[in-house]
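In what follows, a structure is listed as structure tokens, so that the remarks can point back to it.
The values are calculated or read from the model by the stated rules, or taken from the named source; none is laboratory data. Predicted, not measured: the structure shown is a model, and the values here were computed from it. Please note: Cβ atoms are built from the backbone with ideal geometry, for glycine as well, and neighbour counts cover all protein chains shown.
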Amino acid sequence: MFAGVVAGAVEAAVTMPMEVTKTRQQYGRNEPMLASMRQAVAASGGIRGLYSGLGVQMLQNAGKIGIRFAVYQNIRGKLSDDPEQDKFLSGFAAGATEALLWVTPCERLKILRIRHAQLPPSQLFGTIFRTEGISSLWVGASPTFVRVTGSNAFRFYVYESIVQKYCGGNAALGGAAVGILSTILNNPVDVLKSEMQASSGKRNFSQTMSFLGSVVREKGLAHIFIAGLPARLVKIGAGQAVIFQVVQWISDDNAKK
């Protein structure tokens, strides 16, 4: 867990400009990446616009990566006699835990902070809690659950093979590879999540499907597949490289001790 917490905090600091950019593209007009970054800077009167919500993001990342690796390492080998199947199931379980306990409420706060960067956090969050209640932090839980469980199951399932076969044992290269592959596969789910969490109100499953239809009608089917994708590829590719490398360094250091 300690290794995951450190890795998550470092990853957030490194990739926050891409996180802001992809979120703005997903709930906005999907303008080009550099144009979106310029708009974020202009809207906040400086470079801090690209780091709006960094505190929430660092807290979110430290918590979720810590939970992810702690759960994965503690249950691995206990869910199946087949090692390959066990890696997949353990990754799925780790993703489910982090998605429901940690990621969904943190993502909701982060996205609202990015969208309303001009408002003081206390005013923004106070208004949300008064008007929508604490349960509104779990808006977008369904797509978040699908995205996080699928991503973790996939990454843990293929990571060791990719590192050994194609990356010469380099954890950073392996992390970047699994990050890029999983990003391409789950971008539609991430777009839906961002659109939902940037809006107001709570939705059940049927309302989520209706909301998806309204997004497609308003912005086009391509929006679901490509909105924020370049920024996400950079962010998650670099982020997973940092995470797996930092975890490897700390794990190796502990093993030596």
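A few notes on this one:
- Among the residues listed as Glu195, Glu98, the single one being touching a Lys or Arg at 6+ places or on another chain (Cβ under 7 Å), of a type outside the set (Phe, Trp, Tyr) and under 25 Å from Pro17 (Cβ atoms): Glu98
- Filtering the stretch 145-162 to residues that are aromatic (Phe, Trp, Tyr) and closer than 12 Å to Gly179 by Cα leaves Phe154, Phe156, Tyr159.
- Some residue of the stretch 67-90 being touching a Phe, Trp or Tyr at 6+ places or on another chain (Cβ under 8 Å), surrounded by fewer than 18 Cβ atoms within 10 Å (Cβ to Cβ) and part of a helix (DSSP H, G or I): yes
- Count - residues of the stretch 34-59 that are part of a helix (DSSP H, G or I) and either buried (at least 23 other Cβ atoms within 10 Å of the Cβ) or over 18 Å from the mean Cα position of the chain (by Cα) (or both): 15
- Counted residues, the stretch 10-19 - those being within 15 Å of Ile65 (Cα to Cα) and buried (at least 20 other Cβ atoms within 10 Å of the Cβ): 3
This table checks each residue for (1) hydrophobic (A, V, I, L, M, F, W, C); (2) within 21 Å of the chain's Cα centre (by Cα); (3) surrounded by 15 or more Cβ atoms within 10 Å (Cβ to Cβ).
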residue: Thr208; (1), (2), (3): no, yes, yes
residue: Val215; (1), (2), (3): yes, yes, yes
residue: Leu221; (1), (2), (3): yes, no, no
residue: Arg232; (1), (2), (3): no, yes, yes
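- When Arg130, Arg147 are screened for being at pLDDT below 95, basic (Lys, Arg), at negative phi and surrounded by fewer than 16 Cβ atoms within 10 Å (Cβ to Cβ), only Arg130 passes.
- Filtering Lys64, Lys87, Lys78 for residues that are at negative phi, free of Cβ contacts under 8 Å to residues at least 40 places away in the same chain and of a type in the set (D, E, K, R) leaves a single hit, Lys78.
- Residues (more than 15 Å from Asn61 (Cα to Cα) and of a type in the set (A, V, I, L, M)) located in the stretch 210-246: Leu212, Val215, Val216, Leu221, Ala222, Ile224, Ile226, Ala227, Leu229, Ala231, Leu233, Val234
- A search for C-beta distances below 6 Å between a residue of the stretch 220-236 that is among the β-branched types (Val, Ile, Thr) and any residue that is assigned to a helix (DSSP H, G or I), counting only pairs 6+ apart in sequence or on different chains, returns Ile224/Pro188; Ile224/Val191; Val234/Met18; Ile236/Gly179; Ile236/Thr183.
- Scanning the stretch 86-115 for residues that are of a type in the set (S, T, N, Q) and modelled with pLDDT of 95 or more yields Ser90, Thr97.
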